[in-house]
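Everything below concerns the one structure shown next.
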Amino acid sequence: TGVAVDFVQLTAKKLEFLKAIRPSIKKLGYFDAMHADPAAKFALEELKVQAPKFGITLVPYKLANPVGPAATEEIKKALQNIKPGEIDAYFHLPGPVMGFQNQPVIIKELNQLKIPGVWLELPSVAIGGLFSYSQDLNDLGRQAVYMADKVLKGIKPTDIPVELPRQYFLHVNLKTAKDLGIALPEHILLQANKIYSE
């Protein structure tokens with residue numbers, strides 16, 4: 001039992017939003033961590049399925065280092081070596097190397113390169129990421145509490161169906177869009193659950 005992430009729906013919707021925000025996107029960069037967790041592997045496989053449907057070619061950046069300062073430095077170096085035109089956008093995947101501790105580094109370098117990024121977690125938008133379409137982790141926790149309560153009351157976990165998140169949220173950062181030279185389409189802003197402007 002538990003709450004599962006629907007990578008099929010999420011990945012397709014993120015790419016749809018990305019193409020709406022910048023239709024010219026053809027090359028999408030991402031970090032491929034060899035030791036990534038199962039969620040990252042599922043997300044990457046779905047990205048490989050969905051990207052061609054949007055006319056997008058994937059550009060992987062392999063990471064060899066484990067979690068920690070070495071991984072952060074490897075990420076920073078990879079971003080600093082990106083040449084103009086090498087990628088048009090960035091897709092953030094789950095996994096320990098891509099955890100929240102490295103996101104400020106990635107966001108800073110991408111924004112300096114004027115490369116828009118789509119983010120895994122909603123809080124990434126608050127610190128400068130362009131946008132995220134995702135489940136709210138706090139809401140997932142509340143959803144899981146009801147399942148835990150059923151188990152504590154004697155219901156077998158195998159008798160409790162797996163659930164998907166009750167809602168997905170779109171967060172966008174207007175300041176980042178302006179800094180990147182992107183005019184966010186009105187229909188994107190109308191769909192946004194939260195808009196950061198500072």
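Shape verdict for region 36-135, please, from the Cα gyration tensor: rounded (a/c under 1.5), prolate (a/b greater than b/c) or oblate. Since a/c stays below 1.5, the shape of region 36-135 is classed as rounded.
T176 exposes around 10 Å² of accessible area when a 1.4 Å probe is run over every protein chain in place. Taking all protein chains together, T158, T11 sort by accessible area into T158, T11, largest first [probe 1.4 Å].
Once all protein chains are placed together, F169 keeps about 40 Å² accessible to a 1.4 angstrom probe. Relative contact order of region 17-89: 46 percent, from C-alpha pairs under 8 Å at least 6 residues apart in sequence.
With both labels modelled 7 Å from their Cα along Cα-to-Cβ, the N81 to Q191 distance reads 3.6 nm.
Available extension along the chain between V105 and E73 is 10.6 nm, counting 0.36 nm per residue and deducting the alpha carbon span.
The values are calculated or read from the model by the stated rules, or taken from the named source; none is laboratory data. Predicted model only: the values in this text are computed from it and were never measured. Every residue, glycine among them, receives a Cβ derived from its backbone with ideal geometry; neighbour counts consider all protein chains shown. These accessible areas exclude ligands, DNA and RNA; they are computed on the full protein's heavy atoms, side chains included. Shrake-Rupley method; radii C 1.70, N 1.55, O 1.52, S 1.80 Å.
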